[in-house]
Amino acid sequence: MRLKLHKKKIVALLLLLGVGLCVCLLFLSATPDQSPTLVVPSHPAVRKSHSAFQLPRGSLLQMRLSAYRNNLHQPVLNGERFPGRPDLVVVVQVRGGPGIGPRLRLLAESLKAAGPGATSRLLLVLSMEKPCPEAAEAMKSIDFCQVLPIYFPYSLSFYPYEFPGADPADCPRDLPRESAALKGCRNAEHPDSHGHYREAAFTMDKHHWWWKLHFTWERLRDVSGHGGHVVFIEEGSYLLPDWLHMLRLMQAQCLEDGCQLLSLGGTAVLEPSADPQHVELSGWVAPKHRSAVAMPREVYYQLMGCLAEFCTYDDYNWDWSLQHVSAACLPHPLKVLSTRLPRVLTLPANGACGRAGPCDNTEEASQALRAQVRELGGRLFPRSLIVAVRQQEARNPPQAKNGGWGDVRDHALCRSYARL
């Protein structure tokens, strides 16, 4: 009897120890260092420092996951220094590659010239196509505003050997359709309107612009309550000192005239004869208005109603696709208020620092840009605007399609961004 009772006590003790051990293991497994990461959207007032930003590295899969993780966490550099929601949002489409670091520094130089009163509430979003240490170093050197790096996750850098990159099984650009059918290449049934097959490098610009538009308005937490315009510019831009002053004046004028978009222009060389006070009201003109576009949220929603028209139009250029949408889909064509004297300079195609390729002499490029600004003397910062041209509302469709966008996979990917 005693032996049986002793056995029962031993069994009970072992059970008790087992339960205690399980509790300990559960507690240890729940420690922050070993538990699975639970991603919770941060409160807008909580900002992550640059230590949260990591350049995607490793295998292609690791790079893709890192890009997605970055876009989910949205680390804001200088968030502690400039707390609070931004009053102004500028989004830059960054292709990357050689010379990107100096080009970003020139852009930062021009943004900083607007003064601390303007830049302290500025959010600079850098939408990058490729992981680039040069760009990361330039980005971390910006200390006058909030900086948010995001990655276009469907670029050639993340998908170099498969769609949306260049799949080896795809048809060569100039292969005749009959030969493509015999060869059995993947997209044989989908050449563009000129009989050519897709070239991945040429499709990226339109994909990136449309994805960036969605991501900015739908996924950026710091833009969720933003009621003003968002300014979209491109890599290789240099802004004049009164760009923000002009933007404010144009916003007020746009309310009066009922326009949808603002264009701060974009040219490599300024025309000294252009009146800094003059603006024009016209329809959307692709090559003229694309370089620096300011858009409010309601116009973004209007464009989303033309998702299919934009994504299936056979033109690899987003600006000509937008002109098609303006003419063929929107209830009323887009009205654009643009500056006679552009407030955004684009770096020259060639020279010490071009808009693409190496940028070997940043100081020389900076001096040349500042010299153009000095030639304007005291003509910047006009007190008011004069609408020098008012064009009647008219449909203005592109005269021809440039092609390069006939593949149904591009159509499907483009349309999918609205659901991401």
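The values are calculated or read from the model by the stated rules, or taken from the named source; none is laboratory data. Computed from a predicted model, the values in this text were never measured in an experiment. Please note: Cβ atoms are built from the backbone with ideal geometry, for glycine as well, and neighbour counts cover all protein chains shown. Please note that ligands, DNA and RNA were not included when accessible areas were found on the heavy atoms of the full protein model with its side chains. Shrake-Rupley method; radii C 1.70, N 1.55, O 1.52, S 1.80 Å.
Please list, ordered by first then second residue, the pairs with beta carbon atoms under 6 Å, 6 or more apart or interchain, first in the stretch 287-312 and in contact (Cβ under 8 Å) with a residue 60 or more places away in the chain, second hydroxyl-bearing (Ser, Thr, Tyr) and buried (at least 16 other Cβ atoms within 10 Å of the Cβ).
293/263; 310/321
Looking only at the stretch 382-408, count how many residues are touching a Pro at 6+ places or on another chain (Cβ under 8 Å) and either closer than 30 Å to residue 328 by Cα or open to solvent by 30 Å² or more (accessible area, probe 1.4 Å) (or both).
Final tally of qualifying residues: 5.
Among the residues of the stretch 66-88, which ones are among the hydrophobic types (A, V, I, L, M, F, W, C) and open to solvent by 90 Å² or more (accessible area, probe 1.4 Å)?
none
Do we have any residue at all in the stretch 221-240 that's touching a Leu at 6+ places or on another chain (Cβ under 8 Å) and without any contact (Cβ under 8 Å) to a residue 60 or more places away in the chain?
no
I'm trying to understand the selection: among the residues of the stretch 349-363, which are modelled with pLDDT of 80 or more and either under 16 Å from residue 233 (Cα atoms) or in a strand (DSSP E or B) (or both)?
353, 359 - these are the residues of the stretch 349-363 that are modelled with pLDDT of 80 or more and either under 16 Å from residue 233 (Cα atoms) or in a strand (DSSP E or B) (or both).
Looking at the stretch 314-332 only, could you name the residues that are touching a residue at least 40 places away in the same chain (Cβ under 8 Å) and of a type in the set (A, V, I, L, M, F, W, C)?
318, 320, 327, 328, listed by residue number.
Is one or more of the residues making up the stretch 232-253 closer than 19 Å to residue 128 by Cβ, part of a helix (DSSP H, G or I), open to solvent by 30 Å² or more (accessible area, probe 1.4 Å) and modelled with pLDDT of 95 or more?
no
Find the residue count for the stretch 389-420, including only residues that are part of a loop (DSSP other than H, G, I, E, B) and either of a type outside the set (A, V, I, L, M) or free of Cβ contacts under 8 Å to residues at least 24 places away in the same chain (or both).
Qualifying residue count, the stretch 389-420: 15.
Cβ-Cβ under 7 Å, sequence separation 6+ or interchain: first residue in the stretch 358-383 and under 17 Å from residue 274 (Cα atoms), partner of a type in the set (D, E, K, R). Which pairs?
380/242; 381/242
Among the residues of the stretch 297-318 satisfying the criterion of being open to solvent by less than 10 Å² (accessible area, probe 1.4 Å) and in contact with a strand residue (DSSP E or B) (Cβ under 9 Å, 6 or more places away or on another chain), which is nearest to residue 204 (Cα to Cα)?
315
Going by the conditions given, is residue 366 of a type in the set (Gly, Ala, Ser), part of a helix (DSSP H, G or I), in contact with an Asp or Glu (Cβ under 6 Å, 6 or more places away or on another chain) and open to solvent by less than 10 Å² (accessible area, probe 1.4 Å)?
No.
Take the stretch 325-341 and flag every residue that is open to solvent by less than 30 Å² (accessible area, probe 1.4 Å) and of a type outside the set (Gly, Ala, Ser).
325, 330, 333, 334, 336, 337, 339, 341
Inspect the stretch 260-274 for any residue being open to solvent by 10 Å² or more (accessible area, probe 1.4 Å), out of contact with any Pro (no Cβ under 7 Å at 6 or more places or on another chain), on the phi < 0 side of the Ramachandran plot and not in a loop (DSSP other than H, G, I, E, B) and give the result as yes or no.
No, the stretch 260-274 contains no residue that is open to solvent by 10 Å² or more (accessible area, probe 1.4 Å), out of contact with any Pro (no Cβ under 7 Å at 6 or more places or on another chain), on the phi < 0 side of the Ramachandran plot and not in a loop (DSSP other than H, G, I, E, B).
Can residue 344 be described as open to solvent by less than 10 Å² (accessible area, probe 1.4 Å) and free of Cβ contacts under 8 Å to residues at least 60 places away in the same chain?
no
Look through 222, 174 and report the one residue that is acidic (Asp, Glu) and surrounded by 14 or more Cβ atoms within 10 Å (Cβ to Cβ).
Going through 222, 174 in turn, the sole match is 222.
Look through the stretch 226-265, keep the residues that are over 18 Å from the mean Cα position of the chain (by Cα) and of a type in the set (Asp, Glu), and return whichever of them is farthest from residue 121 (Cα to Cα).
Filtering the stretch 226-265 for residues that are over 18 Å from the mean Cα position of the chain (by Cα) and of a type in the set (Asp, Glu), the one farthest from residue 121 (Cα to Cα) comes out as 257.
Scan the stretch 286-306 residue by residue and report those that are under 14 Å from residue 262 (Cβ atoms), part of a loop (DSSP other than H, G, I, E, B) and not small (Gly, Ala, Ser).
Hits for the stretch 286-306 are 290, 296.
If we keep just the residues of the stretch 190-219 that are assigned to a loop (DSSP other than H, G, I, E, B) and in contact with a helix residue (DSSP H, G or I) (Cβ under 8 Å, 6 or more places away or on another chain), which is most open to solvent (accessible area, probe 1.4 Å)?
Applying the filter and picking the extreme gives 219.
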